[in-house]
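Participant: Take a look at the following structure, please.
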Amino acid sequence: MAGGVVVNTGGGKDYPGKLTMFVLFACIVAATGGLIFGYDIGISGGVTSMNPFLIKFFPGVYRQEQEAERNQSNQYCKFDSQLLTMFTSSLYLAALVASFFAATVTRVAGRKWSMFAGGVTFLVGAALNGAANNVLMLILGRVLLGIGVGFANQSVPVYLSEMAPARLRGMLNIGFQMMITIGILCANLINYGTAKIKGGWGWRVSLALAAVPAAIIAVGSLFLPDTPNSLINRGYTVEAKRMLRRVRGTDDVEEEYSDLVAASDESKLVSHPWRNILQRRYRPQLTFAIAIPFFQQLTGINVIMFYAPVLFKTLGFADDASLMSAVITGLVNVFATSVSIVTVDRLGRRKLFLQGGTQMLACQIVIGSLIGAKFGFTGVADIPKGYAAFVVLFICAYVAGFAWSWGPLGWLVPSEIFPLEIRSAGQSITVSVNMLCTFIIAQAFLPMLCRFKFMLFFFFGAWVIVMTLFVAFFLPETKNVPIEEMVLVWKSHWYWSRFIRDEDVHVGADIEMRSNGKIQGAKLGI
């Protein structure tokens with residue numbers, strides 16, 4: 001490729017084009033797919049702390065909680081119920097399975113129809129949950145919600161990474177995480193309001209209102225354009241070039257178009273992406289597709305976000321106070337994610353990962369120490385309001401550290417590192433690993449809290465040390481590198497270069513020279 005380039009912040013050259021209103025609107029609409037995931041994360045923890053919900057579906061847990069409060073017994077164990085945690089975690093098992101089917105839909109029919117399928121399925125699940133009269137209806141509704149989440153999480157990050165200009169890919173992709181945090185905040189606010197409804201049916205409103213974000217992504221996806229990458233891969237070359245001109249805001253797209261066509265031609269040689277992704281040359285991408293979502297869940301964030309009301313109730317907060325504390329952490333989550341949007345394409349992925357990991361580790365040590373000092377191993381204590389507020393302060397600092405690092409980057413980095421021929425398969429692996437680990441953590445948290453006590457925070461802190469060191473040694477900087485040239489990042493890495501032969505790099509010499517300039521610029525922080 002030659003000529004017609006603009007200088008970007010990565011220290012190299014980029015394809016011509018700018019952020020158009022068309023692309024911005026499309027990315028905002030697509031990112032609303034994160035609302036359904038975020039809403040569910042926030043809503044499930046809230047309703048499981050509502051007494052009318054527990055009385056109707058989990059009376060044994062309610063009696064256990066009341067007994068603990070009357071007798072001042074072990075606070076760590078009063079919510080320990082595998083049936084209760086199955087209500088929360090069944091969604092993630094369903095999402096895991098659905099993500100594999102979503103990969104085929106995303107590749108064959110396009111990204112937008114995968115989003116549409118996710119929105120519609122989530123809508124049906126929300127209706128079933130809101131009308132639930134028994135645990136079976138409740139779990140079935142959760143399974144449908146999980147299928148919706150699986151489709152949305154598989155398609156949205158890929159869509160955003162393909163639509164965005166390389167120099168702004170981080171900012172636009174993190175819109176997905178921003179919508180997740182907004183969904184969590186809205187759910188916490190709704191739980192706070194519905195808990196006050198007299199008659200004990202507020203939980204129905206909380207669960208049924210999941211239909212709102214589901215309708216937003218289902219209807220919104222109908223108006224979304226397909227990405228040029230997807231159109232080319234499905235044989236619509238004329239439409240793809242027209243769409244590329246529109247999304248880049250310029251007619252000078254021959255260079256980028258040629259690169260996309262070359263990537264598509266290579267991808268069509270791959271008839272079995274699930275088999276090909278195991279090849280040695282894809283080892284770096286496959287490693288991160290597994291490691292990043294695995295580590296993301298072992299930060300312990302879902303312990304906080306799923307069970308924030310339950311956790312605060314365990315710390316001695318009253319019902320309203322525990323829900324309000326969850327609202328506060330939700331606000332912090334949204335604010336900190338906006339920080340990531342502003343900084344990710346300037347500071348880069350690595351700096352945010354390393355800073356966020358350090359901050360989370362410090363907070364987990366403090367939180368574990370504060371809880372341990374009061375409750376010890378017996379789990380029996382009266383916690384003063386001021387002391388509890390101090391714990392909440394460090395929980396908020398922990399949430400902030402996650403929200404501008406492992407939260408958004410856990411979706412951004414895997415979606416931008418795969419070549420087109422295995423991109424859908426790679427994203428499915430990322431989603432399935434994320435959902436599997438989320439399922440395991442959600443199912444295991446309450447029993448672990450009962451057995452590990454305050455040491456649980458140190459358990460997750462140890463994992464934060466491991467994942468931070470892993471990023472420091474093995475993750476190359478990917479900011480501002482065009483998505484179809486990402487192989488050059490791995491080829492230049494001190495460790496991953498051993499897996500990639502020269503003949504595996506299918507970009508022209510001029511592209512390679514410019515991309516190496518971007519990579520070196522990213523390393524130097526320019």
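The values are calculated or read from the model by the stated rules, or taken from the named source; none is laboratory data. The shown structure was predicted, so the numbers you read here are calculated from the model rather than taken from an experiment. Neighbour counts are summed over all protein chains in view; Cβ atoms, including those assigned to glycine, are modelled from backbone coordinates with ideal geometry. The area values use the complete protein model at the heavy-atom level, side chains included, leaving out ligands, DNA and RNA. Shrake-Rupley method; radii C 1.70, N 1.55, O 1.52, S 1.80 Å.
Participant: Kindly report, to the nearest 10 Å², the accessible surface of Val108 as traced by a 1.4 Å probe over protein heavy atoms only.
Facilitator: Ignoring ligands and nucleic acids, Val108 comes out at about 100 Å².
Participant: Once the whole set of protein chains is in place, how much accessible area is left on Asp251, using a 1.4 Å probe, in Å² to the nearest 10?
Facilitator: 120
Participant: Still on this structure, I have one more. Quick one: Karplus J couplings for the stretch 470-481, per residue in order, coefficients 6.51, -1.76, 1.60, θ = phi - 60°, nearest Hz, x for Gly and Pro?
Facilitator: So the J values, rounded to whole Hz, are 4, 5, 4, 8, 10, 9, x, 6, 10, 5, 6, 8.
Participant: Count the net charge of all other residues whose Cβ sits under 12 Å from the Cβ of Val471, scoring Lys and Arg as +1 and Asp and Glu as -1.
Facilitator: Computed value for this residue: +2.
Participant: Amide H to amide H under 5 Å from Phe418: which residues, 5+ apart in sequence or cross-chain, H placed 1.01 Å off N in plane?
Facilitator: none
Participant: Oh, and also: Would you kindly state how much longer the chain becomes between Phe25 and Ile365 on full extension, computed as 0.36 nm times their sequence separation minus their alpha carbon distance, in nm to one decimal?
Facilitator: 118.2 nm is the gain from fully extending Phe25 to Ile365.
Participant: With every protein chain left in place, what is the accessible area of Ser90 in Å² (1.4 Å probe, nearest 10)?
Facilitator: Surface open to solvent at Ser90 totals about 10 Å².
Participant: Now a separate question. Residue-wise, which Karplus ³J(HN,Hα) couplings in Hz belong to the stretch 453-462, taking 6.51 cos²θ - 1.76 cosθ + 1.60, θ = phi - 60°, and x for glycine or proline?
Facilitator: Each residue of the stretch 453-462 in turn: 6, 5, 5, 4, 5, 6, 4, 5, x, 5 Hz.
Participant: Please list Tyr192, Tyr236 from largest to smallest accessible area, probe radius 1.4 Å, with all protein chains kept in place.
Facilitator: On the way: Tyr192 65, Tyr236 105 Å².
From most accessible down to least: Tyr236, Tyr192.
Participant: What does the extension gain come out to for Lys385 and Val505, with contour length at 0.36 nm per residue minus their alpha carbon separation?
Facilitator: Working: separation 120, 0.36 × 120 = 43.20 nm, distance 6.01 nm.
My answer for the length gained is 37.2 nm.
Participant: If you don't mind, there's one more thing I want to ask. Leaving out ligands and nucleic acids, note down the accessible area per residue over the stretch 393-466 with a 1.4 angstrom probe, in whole Å².
Facilitator: On a per-residue basis, the stretch 393-466 sits at 22 Å².
Participant: Quick one: which residues, 5+ away or cross-chain, put their amide H under 5 Å from the amide H of Lys479? H built at 1.01 Å from N.
Facilitator: Amide H neighbours of Lys479, under 5 Å, 5+ apart: Arg349.
Participant: Quick one: Debye curve from the alpha-carbon atoms of the stretch 330-467 only, equal weights, vacuum; give me log10 I(q)/I(0) at q = 0.16 Å⁻¹ to two decimals.
Facilitator: Evaluating at q = 0.16 Å⁻¹ gives log10 I(q)/I(0) of -0.96.
Participant: Evaluate E = 1/(1 + (r/R0)^6) for Leu136 and Gln66, where r is the Cβ-Cβ distance and R0 equals 22 Å; express this FRET efficiency to the nearest 0.05.
Facilitator: 0.30
Participant: A further question on this structure: Suppose R0 equals 25 Å. What FRET efficiency, 1/(1 + (r/R0)^6) with r the Cβ-Cβ distance, do Phe101 and Glu266 give to the nearest 0.05? Let's see the in-between values first.
Facilitator: On the way: r = 25 Å, r/R0 = 1.00.
Step by step, r from the Cβ atoms, then E = 0.50.
Participant: Oh, and also: Return the FRET efficiency for the residue pair Val342, Trp201: r is the Cβ-Cβ distance, R0 is 35 Å, and the value is rounded to the nearest 0.05. List each step's numbers first, then the result.
Facilitator: Values: r = 42 Å, r/R0 = 1.19.
Calculated value: 0.25.
Participant: Moving on to the next point. First select every other residue whose beta carbon is under 14 angstrom from the beta carbon of Ala132; then total the charges, Lys and Arg +1, Asp and Glu -1.
Facilitator: Neighbourhood net charge equals +3.
Participant: Taking θ as phi - 60°, what are the ³J(HN,Hα) couplings along the stretch 20-29 by the Karplus curve (6.51, -1.76, 1.60), each to the nearest whole Hz, with x for Gly and Pro?
Facilitator: Karplus values, whole Hz, x for Gly and Pro: 8, 4, 4, 5, 4, 5, 4, 5, 5, 4.
Participant: Would you mind calculating the gained length between Leu278 and Asp251 on full extension (0.36 nm times residue separation, minus the Cα-Cα distance), in nm to one decimal?
Facilitator: 5.9 nm
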